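The values are calculated or read from the model by the stated rules, or taken from the named source; none is laboratory data. Please read all numbers here as calculations on a predicted model, not as lab measurements. Neighbour counts are summed over all protein chains in view; Cβ atoms, including those assigned to glycine, are modelled from backbone coordinates with ideal geometry. We work out accessible area using only protein heavy atoms, side chains counted, and drop any ligands, DNA or RNA first. Shrake-Rupley method; radii C 1.70, N 1.55, O 1.52, S 1.80 Å.
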Amino acid sequence: MTASAAARRMETPADLQRLMGTDYAVSDQQWAAISAPLEPAVVIAGAGSGKTSVMAARVVYLVATGQVQADQVLGLTFTTKATAELASRVREALSAAGLDQGVPRTATATQADELPERVEPVVLTYNAYAAALLAEHGLRIGHEPDTRVMADASRYQVAARAIERHTGAVELLSEHPKTAIDYLLGLDAELNEHLVGVEQVRAFHAAARPEFELALATSRAKVDIAKAMAKMSEREEVLDLVEGYRALKAQFGLMDFSDQIALAAELARTQPEVGRLERAKYRVVLLDEYQDTSVAQAQLLGALFSGRDGDSGRGHAVTAVGDPNQAIYGWRGASVSNILNFGGCFPSRDGTGVPSYSLTVNRRSDERILGVANALAQPLYDAFAQVEPLRAKQGAAQGEVHAIVHETYPHELAWLAEQVVASRVAMAEPLWSQIGVLTRDNFHAADVFDALTSRGIPVEIVGLKGLMRLPEVSEVVSTLALLQDLTANADLLNLLNGPRWAIGPRDLALLGKRARSLTGVRLRDVGIPVSEELQRAVEGADPTEVLSLNDALVDPGDLPYSAEARSRFALLAEELRRLRTYAGEPLLDLVRRIIDVTGIDVELASSVSLAASARRDNLDLFVKAVADFQAIDGRVSLASLMAWLEAEDEMGSGLDQATPSEADSVKLLTVHRAKGLEWSSVFLVGVCAEKFPVNTARSQWTTVSRVLPAPLRGDAADVPQLRGFDKAAIDQLKAEAKAHQGLEELRLGYVAF
């Protein structure tokens, strides 16, 4: 009889360790989660507490004790890398325990086709599982099985096409193509993430508008109220674009990842038979990184693997594993309330509370590091009773944590380079790849890159987002923006102020003054000092309301510019004019032409700088990313490419899911990308007031039209809400949103440590 066919006695962690033949010490905390009954449960797994090992051991325990077959286990996680890691861990654990073989087809099997097949759990990403559901059962709700899933880049192409074809009135939404695409895709994604229909938003607007009108009529402070009303009207225009975008996706036979989850959730909610089939197929479900799931994902899984009173699905063995303290993707649609309120979506069979298991022993960090992380996260521990402070493993080293106050930003960069070199020298086996340099965002990536490479340190910027801040790449991006949009003032300023054109602040201020004069509005009429003109020009407002630095570049007038500046203005204006004649070329050809015309590649090839080789690699990586921006139907617009790049630069949600390579180089990346990674030495750059933690709140529905009204969100109970319609209520919402953002910044700092 095979091992999987006979239930084994397994009463202690030692029994499990003997079966698996491992030296890995299973703690009492881990054993409680591993040996838990077949019922809904949540495992609050602190950072570095061995959650993947626990999930693998849980599968071994259940199979060894005869409670399930290995192929009756479903494991879901987010990325393909995490899927491969979880599947590999489970496979190795089952193999070590001799539990990965099925039953022979005959009692005396000798032929290869009669021998038992390897039996393994099914491990998928959340989206891959939704895709499998739709492929098998989609026709039940009229979903065509040959519908293709778009990559993120393709979304921007289809959105650009939808805007081109739109024939409705657009009076309030920005005329910038990049902005319109961003708003369209942002609102479409939020609708899907919270399973809200377009008509529901319109109905909400219809109900809220009279309340705002009443507040406007009776309030002395009217600006914020009027803005909220204007944003509802603007959101109506975005909804029209969303409908056109969805119609175009249907025409092309396409869907994006948020569509996939929303459709699968509709299938699960409206077709209970699908849930019965899935529960029969998978007796145990493991949900990894559950704090990062969206409302739609939680509702999809709840509809499949749980149920209401009297439903056969109630009490199904679903285990969610995650850490509320590491919920750092709220800006991308994740809802931490999913794990905090797990029992509400997956109630126990008898209606009693759902058990919660805590893993608090961190197995990778030293004591001082955990002390700092716990001190930082104390407000989170106070707010959420389910989460407990981390503890160091037995025998952990003391470790080192240094907080350094620098007089200036250049001092910090110089110190960083020195310490990175010193850290490598101090290693028993010196490796650059054992050093991570983390930033809150990519704003300072270029400066950090320069500081390190100038000392001969090999540096890898993880993700295209960071590359776009480097001068050799940002110059190409800014040029592309100016070919597509004459009012891209920030991009023109980037070129003028960059190393190639090197226009000084006095000449830039004069150019801003000239740009304002070309609008036909005198400065004294608008009451704005000349010193503020340039700032106003690059704030990214609606193009009908901003001055155009490009107009001033072409016609600088007779202001007292320096001779060098006037000459360079003419050269840059002529260069942009010539490049615009090629704007209809294929995007890859256009990018290469910009590189040739600007001479960036020649400059890098001829440089003797220690950073030159790395900079050439960076430029090549960007060109490759543009080459990968493939068309849906043979035509790609420059507007869609620019929207794609802008989304990545602002949020990191539009492009790659890059992970560090195996190369022996220092890894430079944001804290968001660093989640779950490990290094011997870590440097956190730019920790200072208003930078990290940032002190601004995320956009609210009362101020930005791409944001779904908070009362319609699936997690409405856990996010700041507007409690009234007057200015006082709006001010209160702003304050609560800022406090909410403060908690998210705490989580991000916790993840960094």
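Sort 384-396, 291-303, 156-168 for me by packing, meaning the mean count of neighbouring Cβ atoms within 10 Å per residue, highest on top. Present the calculation step by step, with values, prior to reporting the outcome.
Details: 384-396: 15.7, 291-303: 25.5, 156-168: 19.8.
Most protected by this proxy first, the peptides run 291-303, 156-168, 384-396.
Which order do peptides 13-20, 501-508, 336-343 fall in by mean Cβ count within 10 Å, highest first? All intermediate terms of the calculation are to be shown ahead of the outcome.
Details: 13-20: 18.0, 501-508: 15.2, 336-343: 23.5.
Descending packing order for the listed peptides: 336-343, 13-20, 501-508.
So for the chain: antiparallel DSSP bridges make up what percent, rounded to the nearest 5? Provide the component values of the computation, followed by the final result.
Details: 2 of 38 bridges.
Percentage antiparallel, nearest 5: 5.
Please list, or write none, the aspartates and glutamates whose alpha carbon is within less than 18 Å of the alpha carbon of Lys227, excluding same-chain residues fewer than 8 places away.
Within reach: Glu171, Glu211, Glu213, Glu236, Glu237, Asp542, Glu545, Asp726, Asp731.
Would you please give the FRET efficiency between Val694 and Lys734, computed as 1/(1 + (r/R0)^6) with r the Cβ-Cβ distance and R0 = 22 Å, to the nearest 0.05? All intermediate terms of the calculation are to be shown ahead of the outcome.
On the way: r = 15 Å, r/R0 = 0.68.
Working from the Cβ atoms, E equals 0.90.
Starting from the Cα of Ser454, move 7 Å in the Cα-to-Cβ direction to define the label point; list residues of region 482-509 whose amide nitrogen is under 15 Å from there.
Within reach of a label on Ser454, which here means backbone N under 15 Å from a point 7 Å along Cα→Cβ, region 482-509 contributes 499.
Would you list which lysines come within 24 Å of Lys231, measuring only between C-alpha atoms, while excluding same-chain residues fewer than 8 positions from it?
Partners within reach: Lys178, Lys222, Lys727, Lys734, Lys738.
Going toward the positive end of the dipole of the chain, with +1 on Lys and Arg Cβ and -1 on Asp and Glu Cβ, which of Ser348, Ala729, Val119 do you reach last?
Ser348
Between Thr519 and Leu38, what is the spin-label point distance in nm, taking each point 7 Å from the Cα along the Cα→C-beta axis?
6.9 nm
To the nearest 0.05, what FRET efficiency results for Arg349 and Ala221 with a Förster distance of 56 Å applied to their C-beta separation?
Details: r = 54 Å, r/R0 = 0.96.
Here the calculated transfer efficiency is 0.55.
Enumerate the calculated ³J(HN,Hα) couplings along region 246-254 in order (Karplus 6.51 cos²θ - 1.76 cosθ + 1.60, θ = phi - 60°), each rounded to whole Hz, writing x wherever the residue is Gly or Pro.
Along region 246-254, the couplings run 5, 5, 5, 4, 5, 5, 7, x, 10 Hz.
If you average the sequence gap of Cα pairs under 8 Å that are 6 or more apart and divide by the length of the chain, what percent do you get for the contact order? Intermediate results must be reported in sequence, preceding the final value.
Numbers: 1156 pairs, mean separation 137.3, N = 753.
Relative contact order comes out at 18 percent.
For the chain, what % of the accessible area comes from carbon and sulfur atoms, probe 1.4 Å?
52 percent
Rounded to the nearest 500, what is the 222 nm mean residue ellipticity of the chain from helices alone, with -39500 (n - 2.57) per DSSP H run of 4+ residues and division by all residues?
On the way: 32 runs with 376 residues, N = 753.
So the calculated ellipticity at 222 nm is -15500 deg cm²/dmol.
Please list, or write none, the lysines whose alpha carbon is within less than 22 Å of the alpha carbon of Lys51, excluding same-chain residues fewer than 8 places away.
Lys81, Lys393, Lys675
May I ask you to give the solvent-accessible area per residue for the chain, in square angstrom, as obtained with a 1.4 angstrom probe? Spell out each step's value before the answer.
Working: 33450 Å² over 753 residues.
Per-residue value: 44 Å².
Could you compute the net charge surrounding Trp501? Neighbours are other residues with a C-beta less than 11 Å from the C-beta of Trp501; K and R count +1, D and E count -1.
On the way: positive: Arg500, Arg568; negative: Glu475, Asp507, Glu564, Glu575.
After counting each charged neighbour, the total is -2.
Taking amide H atoms as placed 1.01 Å from N in the peptide plane, list the residues 5 or more away in sequence, or in a different chain, whose amide H sits under 5 Å from that of Val361.
Amide H to amide H, under 5 Å and 5 or more residues apart or across chains, Val361 pairs with Arg391.
Considering only the other residues whose Cβ falls under 9 Å of the Cβ of Phe692, what net charge follows from Lys and Arg at +1 and Asp and Glu at -1? Please report the intermediate quantities before stating the final value.
Working: positive: Arg440, Lys691; negative: Asp441, Glu690, Glu745.
Summing Lys and Arg as +1 and Asp and Glu as -1 gives -1.
Once you keep just the Cα pairs under 8 angstrom separated by 6 or more residues, what percentage relative contact order results for region 127-197? Mind showing how you got there, number by number?
Details: 20 pairs, mean separation 15.3, N = 71.
After rounding, I find 22 percent.
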